[in-house]
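K.L.:
Structure incoming, see below.
The values are calculated or read from the model by the stated rules, or taken from the named source; none is laboratory data. Remember, predicted model here, so these are calculated numbers, not experimental data. A quick note on method: Cβ atoms are made from the backbone with ideal geometry, for glycine too, and the neighbour counts reach across all protein chains shown. These accessible areas exclude ligands, DNA and RNA; they are computed on the full protein's heavy atoms, side chains included. Shrake-Rupley method; radii C 1.70, N 1.55, O 1.52, S 1.80 Å.
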Amino acid sequence: MMWNIAVNELRRQLQMISILVVTFIVPLLLIFLLGSSLSGSGKFKVESRDPEPFKAGIVQQDQGVLAQAFAQFLTADDVRQWIEPIAYADREEVIRLIRDGKLGFGLVIPSTFSDDVLNGRQASWEMIMGNDYANNLAAKSVFGAYLDIVNTQQALALTAEHTGSSAAKNGIPPAAGTLMQGSAGEQQNEAAIVEVNPMQDQPNPTAMQYYSVSILVMYMLYTGMSLAISILADRQNYTFHRIMAAPVRPYSYMSGKLIGQSLIAVCQAIFMIALSHWLFGVDWGRDIGALVIVCLLLIVSSMALGSVIIAYVREEKSIKGLFQFLVITMTAISGGFFPISEVQATVGPFTLSHWAMQSMLRIMMNGGWSDTLHYVLPLAGIAGVLFLLAVWSFRKVVNYA
Amino acid sequence: MNMVQIRNVVKKYNGKAVVDHLNLAIEEGEIFGLLGPNGAGKSTTIHMLTGLLPISGGDISVDGISVKHNPLEVKRRIGLVPQDLAIYEQMSARDNIVFFAKLYGLRGKALEAGVDEALELVGLSDRRKDKPASFSGGMKRRLNIACAIAHRPRLIIMDEPTVGIDPHSRNHILESVKQLNEAGSTIIYTSHYMEEVEAISTKVGIMNQGRLIACGTQHQLKEDIGQDDKLTVTISLSPDSEVDAAIGELLEHPRIKQASLQENALQILLPSADGSLQDILFILSKHRILVQSFEREEPNLETLFMSLTGRQLRD
């Protein structure tokens, strides 16, 4: 009886095109959209890739002594490995080409650059960021390296001036140290951006990995809603009446429903994990067993939540509204839509999504069992409590009267 | 042998008895018409019989098995056709029947044969692959029946199976009921359509306020209880106060048992209309009510029901 009900549940759900799309296609689209659009937000690890030189537009307005040195710097192999410099006369043209995606980065060196450096004034140049976060990082590092060289030489010149060496005779004034300080500070600031860890003491996944986890957790939680709506539909179309009039024990009916919906959730998890790996290259870590355990705990929690809700809520709109509120709130608080360290650290632990997401992220990062267990155990505890609540509410769910 | 034996059954909700010490026996092979106005306790009795509701007192046995002590065995012997359509719209007609038949343990060839027979009986063999969403109301009703009979139950309970359908489907269903009965199933049939019950029932029970107030063959009931004539007097539009006063005076007449107004027709029940027509006309003319026509009906289930319960079946 139980398996007959389970198979029927599975068949009915999988026969509906709209449910197939919402269950299997939409989550993958969400992973792709969130993962690709937020990968350059600075909150996630940038995926390592082989360096490919990108075009950088250089507007060299400086005709001073440093211009020649800069031109020579650009011919170095270490620079060419990253950047293919192209000279432009007009800053606006560079901006336009960057906007069109034809240039990856832009650098505008003002006409007063050498003069400012040599006279000890605050010197600056303009970096125009391109569309690619990684290319921007590479360009800032490369051009930052040039400033480091200039500053080092200035430092040497300053030292030589005090000791009366030839560098002092070349006319590099002591005040040029300002550039060194300024540029060094700028480098630190840029470096600080690069080094910011969006999850602080947490694992550092790529955006695709992060959103694969958050969307998987969110959709696993929604399977509880499917269970509640399916039971409600049985009541509303009177098939529950007919099933209960057949020689079917109430727990067989409930078990059949739970198994059917859980099988759909398992199929969904396998589909999302496999497809996100093949299509988006998401690395789910080496410990597939641990991943399965977390998914099962999540499914148990979700089903239990659905059972408790259908015991007390008898309208589809209310069930959907309640689930939407719970799932979206938990996902947001646990950083599922966007990582917010403070909220995640303070309110996050009160949500189911937090423990599920952190467990999966640690499995992804191959964090080791002791670290992962720290997050899996609370998840198992929540699943256990919800399961007991569902058992307690069981009579109310299958009460025909 | 009794297929159904209801002994002193009580069902209470919040201390109020909805079924009050009900006793009823239905013999094997009967088509038992169960009648009663809304709230009489018919559905509650059926739900207790099918194990859907617990019994507050007494016991019910089906085929000699107690519903209280062995509900699953009882359920195996019953096919319930609920009053409301209980089918999955997104599954084909055949898949619906297969699913419900499997709940009764049917597998393999027995399942195939049972499903084919059920489809054949309700005339849906050629639509087996279609989904009920494309069916007419009558076809859905027939599928509703097919889902209850594929496992060849010994007792089939049909709770108003012809509500809201076309005459063709109604005739088909009534024919199907007779065929099922001829094939050996005992049938309990409830309906608001008195003519259906008259047409197919071998025995009739009338419930009112949780009790069985009459039971027997139609002939027995008419002989024993139903001696009343039903007189329908069609009247012209008259002031309500005059009509009410006339009805009040009619009810004071020693021979008149019931008098009520249905639209512009006075329904009057009396043992024999012969000796009272003058009196009735006198009372109506006294209240300045113009009579358009008279119609006298021989005793039937409708008049019997009205006589016993004081209400129309569809009230």
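K.L.:
With the condition kept exactly as written, say whether any residue in the range A:325-339 is open to solvent by 60 Å² or more (accessible area, probe 1.4 Å), farther than 25 Å from A:Trp284 by Cα and over 17 Å from the mean Cα position of the chain (by Cα).
P.N.:
Yes, there is a match, as at least one residue in the range A:325-339 is open to solvent by 60 Å² or more (accessible area, probe 1.4 Å), farther than 25 Å from A:Trp284 by Cα and over 17 Å from the mean Cα position of the chain (by Cα).
K.L.:
Would you be able to tell me the number of residues in the range B:141-180 that are in a helix (DSSP H, G or I) and either farther than 28 Å from B:Arg107 by Cα or open to solvent by 10 Å² or more (accessible area, probe 1.4 Å) (or both)?
P.N.:
Final tally of qualifying residues: 14.
K.L.:
Among the residues of the range A:267-279, is any polar (S, T, N, Q) and loosely packed, with under 15 Cβ neighbours inside 10 Å?
P.N.:
The answer is no; no qualifying residue exists.
K.L.:
A follow-up question, please. Give me a count of the residues in the range A:359-373 that are open to solvent by less than 40 Å² (accessible area, probe 1.4 Å) and either hydrophobic (A, V, I, L, M, F, W, C) or at pLDDT below 90 (or both).
P.N.:
Final tally of qualifying residues: 8.
K.L.:
While we're on this one: Kindly list the number of the only condition in (1) open to solvent by less than 50 Å² (accessible area, probe 1.4 Å); (2) farther than 27 Å from A:Leu38 by Cβ; (3) of a type outside the set (Lys, Arg) that fails for A:Asp90.
P.N.:
So A:Asp90 meets the others, but not (1).
K.L.:
Tally time: how many residues in the range B:246-288 are part of a loop (DSSP other than H, G, I, E, B), farther than 22 Å from B:Leu304 by Cβ and of a type in the set (Lys, Arg)?
P.N.:
The number of residues fulfilling the criteria is 1.
K.L.:
Among the residues of the range B:90-106, is there at least one that is modelled with pLDDT under 90, open to solvent by 20 Å² or more (accessible area, probe 1.4 Å), assigned to a loop (DSSP other than H, G, I, E, B) and within 14 Å of another protein chain (Cβ to nearest Cβ)?
P.N.:
Yes, the conditions are met somewhere in the range B:90-106.
K.L.:
Could you list all residues from the range B:264-286 that are at pLDDT 80 or above and surrounded by fewer than 19 Cβ atoms within 10 Å (Cβ to Cβ)?
P.N.:
Hits for the range B:264-286 are B:Asn264, B:Ala265, B:Gln267, B:Leu277, B:Gln278, B:Asp279, B:Leu281, B:Phe282, B:Ser285, B:Lys286.
K.L.:
Being within 8 Å of the chain's Cα centre (by Cα) and open to solvent by 10 Å² or more (accessible area, probe 1.4 Å) is the filter; apply it to the range B:181-197 and report the residue that is farthest from B:Asn208 (Cα to Cα).
P.N.:
Going through the qualifying residues, I end up with B:Tyr193.
K.L.:
Let me ask you something else. Only one of these conditions is not met by B:Lys16: (1) basic (Lys, Arg); (2) open to solvent by 20 Å² or more (accessible area, probe 1.4 Å); (3) within 12 Å of another protein chain (Cβ to nearest Cβ). Which number is it?
P.N.:
Result: B:Lys16 fails condition (3) only.
K.L.:
Also: Has the range A:105-128 got any residue that is in contact with a strand residue (DSSP E or B) (Cβ under 7 Å, 6 or more places away or on another chain) and in a helix (DSSP H, G or I)?
P.N.:
Checked against the condition, which is being in contact with a strand residue (DSSP E or B) (Cβ under 7 Å, 6 or more places away or on another chain) and in a helix (DSSP H, G or I), the range A:105-128 yields no hits at all.
K.L.:
Checking the condition open to solvent by 20 Å² or more (accessible area, probe 1.4 Å) and at pLDDT below 95, which residue from B:Gly36, B:Gly29 passes?
P.N.:
Answer to the selection: B:Gly29.
K.L.:
Also, quick follow-up: Can you find even one residue in the range B:109-123 that is within 14 Å of chain A (Cβ to nearest Cβ), open to solvent by 50 Å² or more (accessible area, probe 1.4 Å) and either modelled with pLDDT under 95 or touching a Ser or Thr at 6+ places or on another chain (Cβ under 7 Å) (or both)?
P.N.:
No, the range B:109-123 contains no residue that is within 14 Å of chain A (Cβ to nearest Cβ), open to solvent by 50 Å² or more (accessible area, probe 1.4 Å) and either modelled with pLDDT under 95 or touching a Ser or Thr at 6+ places or on another chain (Cβ under 7 Å) (or both).
K.L.:
Continuing with the same structure: Only one of (1) in contact (Cβ under 8 Å) with a residue 40 or more places away in the chain; (2) open to solvent by 30 Å² or more (accessible area, probe 1.4 Å); (3) within 33 Å of the chain's Cα centre (by Cα) fails for B:Ile235. Which number is that?
P.N.:
(2)
K.L.:
OK, next. Does any residue of the range B:81-89 turn out to be in a strand (DSSP E or B) and crowded, with 16+ Cβ neighbours inside 10 Å?
P.N.:
yes
K.L.:
Among the residues of the range B:204-225, what is the count of those that are open to solvent by 40 Å² or more (accessible area, probe 1.4 Å), in contact with a helix residue (DSSP H, G or I) (Cβ under 8 Å, 6 or more places away or on another chain) and either more than 16 Å from B:Thr309 (Cα to Cα) or part of a helix (DSSP H, G or I) (or both)?
P.N.:
1
K.L.:
Would you list the strands (runs of 3 or more DSSP E) that sit entirely within the range B:1-69 and hold 1 or more residues that are in contact with a helix residue (DSSP H, G or I) (Cβ under 9 Å, 6 or more places away or on another chain) and closer than 25 Å to B:Ile173 by Cα?
P.N.:
Those strands (runs of 3 or more DSSP E) span B:2-13, B:31-35, B:57-62.
K.L.:
Still on this model: Name the pairs: first residue in the range A:10-21 and open to solvent by less than 70 Å² (accessible area, probe 1.4 Å), second residue modelled with pLDDT of 85 or more and in a helix (DSSP H, G or I), Cβ to Cβ under 6 Å, at least 6 apart or on different chains?
P.N.:
Filtered contacts from the range A:10-21: A:Leu10/A:Gly260; A:Leu10/A:Leu263; A:Gln13/A:Ile264.
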